[in-house]
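Here the structure comes first, spelled out in structure tokens, and everything after it is commentary.
The values are calculated or read from the model by the stated rules, or taken from the named source; none is laboratory data. Not measured: the values here are computed from a predicted model. Reconstructed Cβ throughout: ideal geometry from the backbone, glycine too, with neighbour counts over all protein chains shown.
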Amino acid sequence: MREISVFDVIGPNMIGPSSSHTAGALRIALMAKKMVQAPIKKVRFILYGSFAQTYKGHGTDRALLGGILGYDAEDKRIRDSFQYAAEAGIEYKFDVNTTNREVHPNTVEILIDDAAGGHVEIMGESIGGGNALLRRINGIEISITGNYQTMIIMQKDEPGVAAHVTKCFFEEGINIAFLNIYRENKGEIAFSVIEADDELPESLVEKVKAFPAIQQVNLIQL
């Protein structure tokens with residue numbers, strides 16, 4: 001009789017035995033992938049709490065790689081994501097952190113290097129039921145669920161950015177549900193996170209990017 005692995009279990013909305021340890025983990029990685037505009041060459045996952053303890057047995061490692069590859073939670077390729085990552089030329093590594101107990105029990109930090117020389121660091125939490133929350137981008141505390149159509153803007157912290165962004169949304173006829181600006185220090189790098197009710201077209205992205213203080217625009221549309 002063939003031995004059955006955890007990835008032979010197909011749930012109603014995911015592949016794997018646990019929505020928190022598979023679907024939620026995949027969602028974090030998928031949002032992290034959307035923060036990168038060039039092909040991913042190298043990724044390091046740092047696992048905390050229960051992720052650190054059970055990531056192999058629960059398939060969290062395969063799910064995280066599946067998210068980096070752009071798969072959704074029902075994609076059967078997640079079972080073989082190690083193979084597909086290798087075929088895509090992605091170098092990957094899993095590390096565990098068992099000393100930091102001040103984080104959510106299902107937390108992962110994802111460090112990505114892309115083909116254009118870019119580097120981004122994302123920390124996210126799997127919060128149950130396949131849902132996830134991004135908590136940090138490049139050391140700046142944020143809060144992104146991916147439940148709305150989301151635009152993430154990296155910008156210099158200076159006057160006029162919010163006014164420009166809201167004007168662009170108005171001109172495209174898109175309603176803003178939430179707009180939050182996150183920064184560590186005045187006048188340095190900040191992130192604007194805009195969550196909208198409608199799909200965000202590329203024409204909007206190009207308008208937003210036209211403002212000199214804006215350095216990068218990414219869309220999270222899951």
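Considering D157, D95, the condition of being among the charged types (D, E, K, R), surrounded by fewer than 21 Cβ atoms within 10 Å (Cβ to Cβ) and either touching a residue at least 60 places away in the same chain (Cβ under 8 Å) or more than 30 Å from P201 (Cβ to Cβ) (or both) is satisfied by D95 alone.
Annotation note: Cβ proximity below 7 Å between a residue of the stretch 206-219 that is over 13 Å from V161 (Cα atoms) and a residue that is of a type outside the set (S, T, Y) and in a strand (DSSP E or B) (sequence gap 6+ or interchain) occurs for N218/I152; L219/M151.
Residues in the stretch 147-157: is at least one at pLDDT 95 or above, closer than 20 Å to D61 by Cβ and of a type in the set (D, E, K, R)? Among the residues of the stretch 147-157, not one is at pLDDT 95 or above, closer than 20 Å to D61 by Cβ and of a type in the set (D, E, K, R), which makes the answer no. Every residue in the stretch 199-215 that is of a type outside the set (K, R) and either in a strand (DSSP E or B) or within 16 Å of I174 (Cβ to Cβ) (or both), please. Within the stretch 199-215, E199, L200, P201, E202, S203, L204, V205, E206, V208, I214, Q215 qualify. Could you run through the stretch 124-150 and say how many residues are touching a strand residue (DSSP E or B) at 6+ places or on another chain (Cβ under 8 Å) and either hydroxyl-bearing (S, T, Y) or not in a strand (DSSP E or B) (or both)? The number of residues fulfilling the criteria is 9.
Identify all residues within the stretch 61-106 that are modelled with pLDDT of 95 or more, touching a Phe, Trp or Tyr at 6+ places or on another chain (Cβ under 6 Å) and part of a strand (DSSP E or B); write none if there are none. Across the stretch 61-106, the qualifying residue is only F94.
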